[in-house]
1. Give me a count of the residues in region 209-228 that are touching a residue at least 60 places away in the same chain (Cβ under 8 Å), assigned to a helix (DSSP H, G or I) and surrounded by fewer than 16 Cβ atoms within 10 Å (Cβ to Cβ).
2. Kindly provide the set of residues from region 199-208 that are surrounded by 13 or more Cβ atoms within 10 Å (Cβ to Cβ) and either of a type outside the set (D, E, K, R) or farther than 11 Å from N157 by Cβ (or both), ordered by number.
3. For region 5-46, how many residues meet the condition of being of a type in the set (V, I, T), under 17 Å from L100 (Cα atoms) and touching a residue at least 60 places away in the same chain (Cβ under 8 Å)?
4. Would you confirm, using the coordinates I've provided, whether L6 is open to solvent by less than 70 Å² (accessible area, probe 1.4 Å) and either outside any loop (DSSP other than H, G, I, E, B) or within 20 Å of F95 (Cα to Cα) (or both)?
5. Filter region 144-185 for residues that are surrounded by 14 or more Cβ atoms within 10 Å (Cβ to Cβ), of a type in the set (G, A, S) and outside any helix (DSSP H, G or I) and give the result.
6. Quick one: in region 131-143, which of the residues that are touching a helix residue (DSSP H, G or I) at 6+ places or on another chain (Cβ under 6 Å) and outside any helix (DSSP H, G or I) is surrounded by the most Cβ atoms within 10 Å (Cβ to Cβ)?
7. Looking at region 28-58 only, could you name the residues that are closer than 24 Å to L70 by Cβ, open to solvent by 10 Å² or more (accessible area, probe 1.4 Å) and in a loop (DSSP other than H, G, I, E, B)?
8. Would you say R148 is at pLDDT 85 or above and touching a Phe, Trp or Tyr at 6+ places or on another chain (Cβ under 8 Å)?
Amino acid sequence: MDIFFLSFDETYREKNWQHLKFKFPQSRRVHGIKGIALAHQMCANLSQSPFFFVVNADNEILFENFQFQLPEQKIEQAIYTWRSLNPVNGLAYGFGAIKLFPKMLFLSAAKSLDVSTSLKIPYKIVSQMASITRFNSSPLEAWRGAFRECVKLSSQNISHQKTSETKERLKIWCEKAENQDFASYVLFGANQGREYGRKYKDHKMALNKINNFDWLKKFFIKNVKDKC
């Protein structure tokens, strides 16, 4: 199946791309597409297989654990998500994770707050730990990753969410941070995201702004840069 590496402005995008390409030379890169949904649609358009893997550019793949193999013999029309470790707060779930998408269903999907859960098909969690999400590689990336995720969690506008699980994850995001790079930006972004998500939970246009990286950068410069 096709493997796509999605990159935009991530600090370690070239290093991670070279590692992936060395291990899996058939991998292809989609770079610089503005809009997360559009970037995934590009992958679907380019894919020559019924399903395709997506690897985010800030993903450090645990190659000893993960080899881009099917999670089961008979693959279903579903989105498969492997677990990814958050090095700042220790959570391990679908945030920043490697995902396997069905091509045809994705092409017919409408834009949504969260690309991976927008399709009206089953969402399957694979228990295997496949990667570490190195989203905390710069002040902007650390804040952006935390802000976007906590907007999603606090607004509870994503299908497949379990309320108790979502609340616990949100609490950890907003309160826990290990001694990792730019941890203060992660906590700041998480708490801002929680407030933003609660405030605009019924405003689709406001929520969809979190998928616009230009808007996020402007928000960061205006509201965050000199406060951490």
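1. Number of matching residues: 2.
2. Across region 199-208, the qualifying residues are K199, Y200, A206, L207, N208.
3. Of the residues in that region, 1 qualify.
4. yes
5. Correct list: A177 only.
6. Of everything passing the filter in region 131-143, F135 is surrounded by the most Cβ atoms within 10 Å (Cβ to Cβ).
7. Q48, S49, P50 - these are the residues of region 28-58 that are closer than 24 Å to L70 by Cβ, open to solvent by 10 Å² or more (accessible area, probe 1.4 Å) and in a loop (DSSP other than H, G, I, E, B).
8. When the stated conditions are applied, R148 does not pass them.
The values are calculated or read from the model by the stated rules, or taken from the named source; none is laboratory data. Nothing here was measured: the structure is a model prediction, and the numbers come from that model. Backbone-built Cβ (ideal geometry, glycine too); neighbour counts: all protein chains shown. Heavy atoms of the whole protein, side chains included, go into the accessibility calculation; ligands, DNA and RNA do not. Shrake-Rupley method; radii C 1.70, N 1.55, O 1.52, S 1.80 Å.
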